[in-house]
Amino acid sequence: MNGVHDMGGMHGFGPIEREHDEPVFYYRWEARTFALRQACGALGKWNIDMARHANERMPPEEYLASTYYERWLAGLQRLLLENGVLTQSELASGMSAGPAPAGLVAFPPEKVEKAVRNGRNYCVDTPIPAGFAVGARVIARNINPTGATRLPRYVRGKHGTVDRDHGVFIFPDANAAGQGQKPQHLYGVRFSVRELWGAEAAPKDRVCLDLWEDYLQRA
Amino acid sequence: MSNDHQDHHEGSHFSNVELRVRALESLLVEKGLVNPETLDKLIETFETRLGPRNGARVVARAWIDPAYRRRLREDASAAIAELGYSGMQGEHMVVVENTPQVHNLVVCTLCSCYPWPVLGLPPVWYKSNAYRARAVIDPRGVLKEFGVELSDEVEVRVWDSTSEVRYLVLPERPAGTQDMNEEELAALVTRDSMIGTAKL
């Protein structure tokens, strides 16, 4: 999706504002929103790529006008609604209109520590041949998917070199659309900044991205 | 002040969102979908257990133990887990080493991907529109804003975290630290040096 979230290379946002000793969360509602996202994610109704894409689908005007955790909150409400966990009227009123969908169980506090420590595995144990060897010259495909993608606009059509083969990973474009994992090789690909941004860019510098097999073609 | 931060101080805006979150939480609790103690436990974990002190220990160990540094290079997730750090948003770790010739900088242009087990949750600036937009097109300008000036001889490598792979920068060990022990070295390592926006 050519969304406003795909910010790499945009101008006009001004200097980067920093603060010393900032807290992990500024406000309790931010902490609660963060934790609600994790706890609701554990209900198992959506995966990480669907969750990211829910944030990305926020209308661009709202996305830019919102703080980080406001985006998370809006994304969570969207996920709860689209997955039938809550109804529109429940979200609007804050009042329960009936029991929760069958089979959904609140994630218990005693399992938090292990869940955080273990994480999830996005690498897939399927032996799939690699289409590109380390050192291969590639082009990031010039595609414009309307759904979720992790192929930023700024590399599309650009020439790069495969630096590393990370192994076989879940493909986010398919995973976010509920089309299964479509596992494939994930490569670390480097691009010179001159290829990306033109002859004025520093001669030696490079940008490295992790790109899936489906994003690449032979140069 | 960036938009991201300005909004934190708008009173009416803030109280509105606070009420919305409170309403959503009580609705989810009422329906048995969320246990409030689970939320407390999650918040406590991210406020107290995860943070850049973890990453600093990894860096200090790598400085004093060449075999550990090698393992970090070969399989960063396993080497980091040796020190007890693993899990969510750090499942597939890669460590990139700064040298006199190479300076590494980590960003996530599409969202806010960041290695939670070793650095905790990202600072506001890392998630800001300005950093996400500029790190890939103007890394030297960004570094300059952070007080890092690099000569043209140094190659800047920007790592855009587009997948579930998470990046940690291994900063150069500062000169004059040969007599320090691991703990003292860890105390020198800043969060920003492990993102790449600072040198030590």
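Values in this text are rule-based calculations from the coordinates and carry no lab data. From a predicted model like this one, the values you see are computed outputs, not experimental measurements. Backbone-built Cβ (ideal geometry, glycine too); neighbour counts: all protein chains shown.
Regarding A:N55, is this residue more than 8 Å from chain B (Cβ to nearest Cβ), farther than 23 Å from B:P139 by Cβ and polar (S, T, N, Q)?
Spelling it out, it is not the case that A:N55 is more than 8 Å from chain B (Cβ to nearest Cβ), farther than 23 Å from B:P139 by Cβ and polar (S, T, N, Q).
Looking at the stretch A:22-30, is at least one residue under 20 Å from the mean Cα position of the chain (by Cα) and on the phi < 0 side of the Ramachandran plot?
Checked the stretch A:22-30: at least one residue is under 20 Å from the mean Cα position of the chain (by Cα) and on the phi < 0 side of the Ramachandran plot.
Can A:V105 be described as within 14 Å of chain B (Cβ to nearest Cβ), touching a Lys or Arg at 6+ places or on another chain (Cβ under 8 Å), under 29 Å from B:R49 (Cα atoms) and not in a strand (DSSP E or B)?
no
Report yes if some residue within the stretch A:183-201 is within 16 Å of the chain's Cα centre (by Cα), in a strand (DSSP E or B) and in contact (Cβ under 8 Å) with a residue 12 or more places away in the chain; otherwise report no.
Yes, because at least one residue in the stretch A:183-201 is within 16 Å of the chain's Cα centre (by Cα), in a strand (DSSP E or B) and in contact (Cβ under 8 Å) with a residue 12 or more places away in the chain.
Taking the residues in the stretch A:182-200 that are among the small types (G, A, S) and surrounded by fewer than 18 Cβ atoms within 10 Å (Cβ to Cβ) as candidates, determine which candidate is farthest from the other protein chains (Cβ to nearest Cβ).
The extreme case among them is A:A199.
Suppose we filter B:V165, B:V106 for residues that are facing chain A (nearest Cβ under 8 Å) and in contact with a Phe, Trp or Tyr (Cβ under 9 Å, 6 or more places away or on another chain); which single one remains?
B:V165
What residue, among those in the stretch B:14-53 that are farther than 23 Å from A:E110 by Cα and within 16 Å of the chain's Cα centre (by Cα), is farthest from the other protein chains (Cβ to nearest Cβ)?
Step by step, filter the stretch B:14-53, then rank; the result is B:R53.
Kindly indicate whether any position in the stretch A:167-174 is under 13 Å from B:E164 (Cα atoms), surrounded by fewer than 19 Cβ atoms within 10 Å (Cβ to Cβ) and not charged (D, E, K, R).
yes
I'm told A:T161 meets every condition in (1) more than 10 Å from chain B (Cβ to nearest Cβ); (2) loosely packed, with under 14 Cβ neighbours inside 10 Å; (3) polar (S, T, N, Q); (4) touching a strand residue (DSSP E or B) at 6+ places or on another chain (Cβ under 9 Å) except one. Can you identify the failing condition by its number?
(2)
For the stretch A:72-92, enumerate the residues that are without any contact (Cβ under 8 Å) to a residue 40 or more places away in the chain, facing chain B (nearest Cβ under 9 Å) and more than 13 Å from B:L33 (Cα to Cα).
Result: A:Q77, A:E90, A:L91.
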